[in-house]
1. Sequence neighbours fewer than 8 away in the same chain don't count; with that in mind, list the lysines whose C-alpha is under 28 Å from LYS26.
2. Heavy atoms only, 1.4 Å probe, whole protein assembly: order PHE74, PHE33 by accessible area, highest first.
3. With a 1.4 Å probe and every protein chain kept in, tell me what percent of the accessible surface of the chain is carbon plus sulfur.
4. Along the Cα-to-C-beta direction of VAL4, a point sits 7 Å from the Cα; which residues of the range 27-53 have their amide N less than 20 Å from that point?
5. Compare the peptides 57-65, 23-31 by average per-residue count of other Cβ atoms within 10 angstrom and give them in order, highest first.
6. Please give the per residue accessible area of the chain, computed with a probe of 1.4 Å over protein heavy atoms only, in Å².
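The values are calculated or read from the model by the stated rules, or taken from the named source; none is laboratory data. Being a predicted model, the structure only gives us computed values, none of them experimental. FYI the Cβ positions are ideal-geometry reconstructions off the backbone, even for glycines, and counts take in every protein chain you see. For the accessible areas, the whole protein counts, side chains as well, though only heavy atoms, and no ligand, DNA or RNA atoms are used. Shrake-Rupley method; radii C 1.70, N 1.55, O 1.52, S 1.80 Å.
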Amino acid sequence: NHDVNIIKQAANLFGKQAIVATLPIKIIDDNLFVYNGGSNSFQPLSEDILNFIAEHADEAMIVDVMNEGIGESFNFKILDLVKFPKNQLIISGGIGPNVIKTASNKGIASCLIENRVLHHENYIKSEI
(Lines give C-alpha, C1' and ligand atoms only; values in the text may rest on other atoms or scores of the structure.)
Protein backbone atom coordinates (compact mmCIF):
# COMPACT_ATOMS: atom_id res chain seq x y z
CA ASN A 1 0.00 0.00 0.00
CA HIS A 2 1.36 3.40 -1.02
CA ASP A 3 0.29 5.15 2.22
CA VAL A 4 2.08 2.53 4.33
CA ASN A 5 5.31 3.10 2.39
CA ILE A 6 5.10 6.86 2.93
CA ILE A 7 4.76 6.36 6.69
CA LYS A 8 7.66 3.90 6.75
CA GLN A 9 9.84 6.29 4.72
CA ALA A 10 8.98 9.21 7.02
CA ALA A 11 9.79 7.17 10.13
CA ASN A 12 13.11 6.09 8.60
CA LEU A 13 13.98 9.62 7.45
CA PHE A 14 12.87 11.65 10.49
CA GLY A 15 12.82 9.00 13.20
CA LYS A 16 9.95 7.31 14.95
CA GLN A 17 9.81 10.14 17.54
CA ALA A 18 8.64 12.56 14.81
CA ILE A 19 5.57 10.49 13.90
CA VAL A 20 2.25 10.85 15.73
CA ALA A 21 -0.63 8.63 14.63
CA THR A 22 -4.07 10.25 14.77
CA LEU A 23 -6.93 7.90 15.55
CA PRO A 24 -10.46 9.32 15.33
CA ILE A 25 -12.23 6.79 17.54
CA LYS A 26 -15.72 5.97 18.70
CA ILE A 27 -17.14 3.15 20.78
CA ILE A 28 -19.87 0.91 19.37
CA ASP A 29 -21.16 -1.89 21.61
CA ASP A 30 -18.02 -1.76 23.80
CA ASN A 31 -15.72 -2.08 20.78
CA LEU A 32 -13.41 0.58 19.38
CA PHE A 33 -13.84 1.78 15.82
CA VAL A 34 -11.40 4.06 14.01
CA TYR A 35 -12.23 6.32 11.10
CA ASN A 36 -10.77 5.21 7.77
CA GLY A 37 -10.47 8.19 5.43
CA GLY A 38 -9.91 5.92 2.43
CA SER A 39 -13.31 4.30 2.77
CA ASN A 40 -14.97 7.25 4.52
CA SER A 41 -16.23 4.91 7.24
CA PHE A 42 -15.40 3.54 10.67
CA GLN A 43 -13.71 0.15 10.95
CA PRO A 44 -12.79 -1.95 13.99
CA LEU A 45 -9.53 -0.88 15.63
CA SER A 46 -7.48 -4.02 15.07
CA GLU A 47 -4.29 -5.33 16.66
CA ASP A 48 -2.65 -4.95 13.22
CA ILE A 49 -3.33 -1.20 13.26
CA LEU A 50 -2.00 -0.83 16.81
CA ASN A 51 1.09 -2.91 16.00
CA PHE A 52 1.81 -0.78 12.93
CA ILE A 53 1.51 2.38 15.04
CA ALA A 54 3.77 0.94 17.75
CA GLU A 55 6.40 0.11 15.12
CA HIS A 56 6.33 3.41 13.20
CA ALA A 57 5.07 6.15 15.56
CA ASP A 58 6.17 7.39 18.94
CA GLU A 59 2.74 8.57 20.09
CA ALA A 60 -0.90 8.11 19.18
CA MET A 61 -3.48 10.88 19.36
CA ILE A 62 -6.87 9.50 20.34
CA VAL A 63 -9.69 11.75 19.12
CA ASP A 64 -13.03 11.05 20.83
CA VAL A 65 -15.18 11.90 17.81
CA MET A 66 -18.43 11.59 19.76
CA ASN A 67 -17.39 14.33 22.22
CA GLU A 68 -15.28 16.62 20.03
CA GLY A 69 -16.23 20.22 20.71
CA ILE A 70 -18.06 19.41 23.95
CA GLY A 71 -16.21 20.47 27.10
CA GLU A 72 -15.50 18.05 29.95
CA SER A 73 -16.81 15.02 28.10
CA PHE A 74 -13.87 12.88 26.90
CA ASN A 75 -14.90 9.22 27.21
CA PHE A 76 -12.16 7.62 29.31
CA LYS A 77 -13.59 4.18 28.53
CA ILE A 78 -11.71 4.54 25.23
CA LEU A 79 -8.44 4.42 27.18
CA ASP A 80 -9.57 1.27 28.99
CA LEU A 81 -10.21 -0.41 25.64
CA VAL A 82 -7.22 0.79 23.60
CA LYS A 83 -4.12 -1.36 23.97
CA PHE A 84 -1.40 1.26 23.74
CA PRO A 85 0.93 2.58 26.46
CA LYS A 86 -0.81 5.43 28.29
CA ASN A 87 2.39 7.51 28.42
CA GLN A 88 2.41 7.52 24.61
CA LEU A 89 -1.17 8.77 24.22
CA ILE A 90 -2.42 12.25 23.43
CA ILE A 91 -6.16 12.71 23.91
CA SER A 92 -8.52 15.11 22.17
CA GLY A 93 -12.27 15.62 22.00
CA GLY A 94 -14.19 16.83 25.01
CA ILE A 95 -11.18 18.29 26.80
CA GLY A 96 -11.55 20.66 29.75
CA PRO A 97 -9.78 21.32 33.06
CA ASN A 98 -11.27 18.29 34.83
CA VAL A 99 -10.48 15.99 31.91
CA ILE A 100 -6.90 17.27 31.88
CA LYS A 101 -6.56 16.53 35.61
CA THR A 102 -7.97 13.01 35.16
CA ALA A 103 -5.69 12.39 32.16
CA SER A 104 -2.68 13.50 34.19
CA ASN A 105 -3.64 11.15 37.01
CA LYS A 106 -3.90 8.29 34.48
CA GLY A 107 -0.41 9.01 33.10
CA ILE A 108 -1.56 10.26 29.69
CA ALA A 109 1.22 12.06 27.78
CA SER A 110 -0.81 15.09 26.75
CA CYS A 111 -4.22 16.62 26.07
CA LEU A 112 -5.01 18.54 22.91
CA ILE A 113 -7.56 21.31 23.30
CA GLU A 114 -9.70 21.24 20.20
CA ASN A 115 -11.16 23.87 17.91
CA ARG A 116 -13.88 24.81 20.40
CA VAL A 117 -11.34 27.04 22.12
CA LEU A 118 -10.15 28.64 18.87
CA HIS A 119 -13.72 29.31 17.80
CA HIS A 120 -14.38 31.06 21.10
CA GLU A 121 -11.23 33.18 20.72
CA ASN A 122 -12.25 34.27 17.23
CA TYR A 123 -15.74 35.06 18.44
CA ILE A 124 -14.34 37.33 21.14
CA LYS A 125 -12.06 39.10 18.66
CA SER A 126 -14.96 39.82 16.34
CA GLU A 127 -16.88 41.45 19.19
CA ILE A 128 -14.10 43.94 19.98
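1. LYS8, LYS16, LYS77, LYS83, LYS86, LYS101, LYS106
2. Working: PHE74 15, PHE33 45 Å².
From most accessible down to least: PHE33, PHE74.
3. Details: 4140 of 7930 Å².
Here it works out to 52 percent.
4. Inside the label zone: 34-53.
5. Values: 57-65: 21.3, 23-31: 14.6.
Listed from highest to lowest mean packing, they are 57-65, 23-31.
6. Numbers: 7930 Å² over 128 residues.
Spelled out: the 1.4 Å probe surface of the chain, per residue, equals 62 Å².
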